[in-house]
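Sending over a structure as structure tokens; questions will come in a sec.
Nothing in this text is a laboratory measurement; each read-out follows from the coordinates by a stated rule. Every value quoted in this text rests on a predicted model; they were computed, and no experiment measured them. When we count neighbours, we look across all protein chains shown, and the Cβ atoms used for this are built from the backbone with ideal geometry, even at glycine.
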Amino acid sequence: MSEIIKVGMADMKSAQPGEKLRTTGLGSCVGLILYDQKSRMAVMAHIMLPDSRNVSAPLNRAKFADTAVEDMLRYFQTRGVPSGRLLAKLAGGAQMFSFSDSDTFRIGPRNTEAVKRLLADASIRIMFEDTGGNSGRTIEFNPADGSLEIRTVHKGVVTA
């Protein structure tokens, strides 16, 4: 039986085989997993906003795509894992507010776009993505086999 490590909103945690990472309440937020198949180490972040540029200190770095991805990459770097070995899976980024076309309310799509841009800039390949729509998600990642289970409201369970 694997230990479940819960990743809260605006949070980031790591896991190894024998543990699983789980986050709930992914509406407009993006759940991002970076993992290394060789060492089977993984990090999950529950990202709420696309960037931290207009935020004053103190800063919760896991809350923002730019700083969360930076910290996730640093996690692997300090453990001797080259970024070229990292793979990504992501879910969430739903458009939870349909009453406006304003970019202000496109939080989910903006989160997804930011994460994908940052991963591309770091040359990290996205192995699976379940983003968009207008339903909330819960995700659980197993570093032992690299599987991601996505539970989507009113849609059931998918494993990737």
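Measure up Lys6/Lys63; Lys38/Lys116; Lys38/Lys89; Lys63/Lys116; Lys63/Lys155 against 19 Å on the Cα-Cα distance and list the ones that go over.
The answer is Lys38/Lys116; Lys63/Lys155.
Gaussian network model of the chain, Cα springs within a sub-10 Å range: biggest mean-square fluctuation belongs to which of Gly84, Gly108, Gly25?
The residue that fluctuates most here is Gly84.
Follow-up question, since we're still on this one. Which of Arg74, Arg106, Arg53 ends up with the largest GNM mean-square fluctuation for the chain, with Cα atoms connected below 10 Å?
Comparing Arg74, Arg106, Arg53 in the GNM, the peak value goes to Arg53.
With label points built 7 Å along Cα→Cβ from the Cα atoms of Asn54 and Val158, find their separation and express it in nm.
Rounded to a tenth, the inter-label distance reads 3.2 nm.
Helix-only estimate, please: 222 nm mean residue ellipticity of the chain, summing -39500 (n - 2.57) across DSSP H runs of length 4 or more and dividing by its residues, to the nearest 500.
-5500 deg cm²/dmol
I've got another one for you. Can you tell me the length gained on complete extension of the stretch Ala144 to Arg61, counting 0.36 nm per residue apart and subtracting the Cα distance?
Stretched fully, the Ala144-Arg61 segment lengthens by 27.2 nm.
Using a simple charge model, +1 on the beta-carbon of Lys and Arg, -1 on the beta-carbon of Asp and Glu, nothing else, what dipole does the chain show about its Cα centre, in debye to the nearest 20?
200 debye
Can you tell me the length gained on complete extension of the stretch Gln37 to Ile4, counting 0.36 nm per residue apart and subtracting the Cα distance?
Separation in residues times 0.36 nm, less the Cα-Cα distance, equals 9.9 nm.
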